[in-house]
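Accompanying notes for the structure given below.
Here, each number is a calculation from the coordinates, and none is a lab measurement. The model shown is predicted, which means the values in this text are computed figures rather than measured ones. Cβ sites come from the backbone with ideal geometry, for glycine too, and all protein chains shown count toward neighbours.
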Amino acid sequence: MLKRKKIITISIIIVTLTTITIIYKIKTGELNNKKNIICCKNSCFNVEIADNNKTRQLWLMYREDLDEDKWMLFVYDKPWNYSFWMKNTLIPLAWIRIDTNLKVVDIKLMEPCKTQECPTYIPKQKAQYVLEINQWLINKKWLISIWDTCKFNHEN
């Protein structure tokens, strides 16, 4: 009987630790095993890809940080004036909107929203890609500007 209780206890601990690990990896984006790199202004960075409605809506929500060299790239099927909001987003972000020619067409700084009603950030230009990074990186480190050219690979 004692041996059975130990086996059950150990099993519960293993399931709990596995669940916690999976939740952590989902929250930090580690389960996205695609190898994606974007280069802007001769600097290259890892990006997480959000290329469907579910990942676009939830990907950066509830994250407490985003690594300096790991960014989020939203990929759309066609260029459009896709707007964004920051509901449940905990870190200040900058969006870098990139057109079909891979030129930066718009940059906007966005603040976390801590209320029920959040502002919508409306773009100036149509874009097919939107790169999100930590807000402080845009002006202090990478100095990406409008009309800079970017390039990236996107593995499926």
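The table that follows gives values for the structure above.
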item: Segment Ile8-Lys41, extension gain: residue separation times 0.36 nm, minus the distance between their alpha carbons; result: 6.3 nm
item: Value of D in µm² per second that Stokes-Einstein yields for the stretch 34-154, Kirkwood Rh from Cα pairs, at 20 °C (1.002 mPa s); result: 150 µm²/s
item: Over 27 Å between alpha carbons, listed pairs Lys41/Lys124; Lys41/Lys78; Lys87/Lys126; Lys87/Lys151; result: Lys87/Lys151
item: Label-to-label distance, nm, for residues given as Lys70 and Trp147 (7 Å Cα→Cβ offset); result: 3.5 nm
